[in-house]
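Every number here is computed from the coordinates shown, using simple stated rules; none is lab data. Source: prediction; values computed, not measured. Positions of Cβ are backbone-derived with ideal geometry, glycine not excepted, and every protein chain shown enters the neighbour counts.
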Amino acid sequence: MSHTWFDDIDALLVEPSGTAVQFLSDAGGSSDPNGDYTFDDVNGTVAIPDSAYAAPGVYKSSVYSANTADPFPAPAPGAPYAFSLTAFSNQQMQGIWSLYIVDDAGGDSGSMAFARLEIELVPEPASMVALGAGLAGLLGLRRRRKA
């Protein structure tokens, strides 16, 4: 991603059933983002600062206009939006996802070479116990048949 004014970039991600998360807005100040930025609300440790340069890296959602969600032009869905990517937990993963990026000030330019969506399913601890018990049961059946 590259842009002449980081603070102008707003980004919205919408999953197949319609949950919409604005994960970037009014962050980075007057700096020029240039590089790969990853947004991860589980593994990211900090948000992109409100008005300071942020080197390419892994960040939490970085929204500084959460009280007044920035509008996105059609065909993006209207507000309200969630402001953390964790809102996608327990949502539909398969289907068409939509990414909307808008320059909310105009008068300058930017580009994005590509976007990639990676979904990491993290089972809850109870699910892991059930999965472990199920696998142990299957292995036990397999051993009995060989004997």
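Things worth noting here:
- Surrounding net charge for VAL46, when Lys and Arg each add one and Asp and Glu each subtract one, Cβ distance under 14 Å: -2
- Antiparallel content of DSSP bridges confined to segment 2-122, in %, to 5: 65 percent
- Here the contact order of segment 2-122, divided by its residue count and restricted to Cα pairs under 8 Å and six or more residues apart, works out to 33 percent.
- Two-decimal ratio, segment 2-122, of alpha-carbon radius of gyration to 2.2 N^0.38 Å: 1.00
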